[in-house]
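Written below as structure tokens is the structure these notes are about.
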Amino acid sequence: MTSSKPTTPKATPRKSASASKAAKPRSAAPAKAAATTKKPALKAVATPAPKPVQPAKPELQAAGLQAVLRKKGLIERVVKVSGAKKKDVKGIVEATLQVLGDALAAGESLALPPLGRAKVNRQKDLATGEMMVVKLRRSSEDTDKAADREDASALAEAMQ
């Protein structure tokens, strides 16, 4: 008794789409497109050396008052120190303040020499906005360097 089994042809494995792509070499991007686009050369601009910022007036400190540095004053000082245009500095300062405020609100610590390390100590949501108590820690190196710059500028003014 012979049984005749129907013979089925063996299935050949199919190649996946990714395998067929891997086997084919990729065509190279035209080199002409990269060669025709040229970037304009950047000009080297000499920037003046930063000038040290003067501390708060002694008259205010003696009276127990604190001088407040507002955004307008900060922009003016940055313009004076950097020698850049006020229009350019204003956008950069505003963007910097926005990023710093967002980072502090998110609970991130800031490590920004020579300013120092800042982190939110306490935070409270109020009806008028958000209140944060920020702890700023400066190393003695940073304050010593600032004092040295002030002394050097005072000496330079005295010698003139």
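Taking the beta-carbon count within 10 Å as an exposure proxy, list S82, S140 from fewest neighbours to most.
S140, S82
Note down the nm distance, to one decimal, between modelled labels 7 Å out along Cα→Cβ at S109 and at S140.
About 2.1 nm separates the two model spin labels.
No lab work stands behind these numbers, since they all come straight from the coordinates. Owing to the predicted nature of the structure, the values given are computational and were not obtained by experimental measurement. Ideal geometry is used to build each Cβ from the backbone, glycine not excepted, and the neighbour counts take in all protein chains shown.
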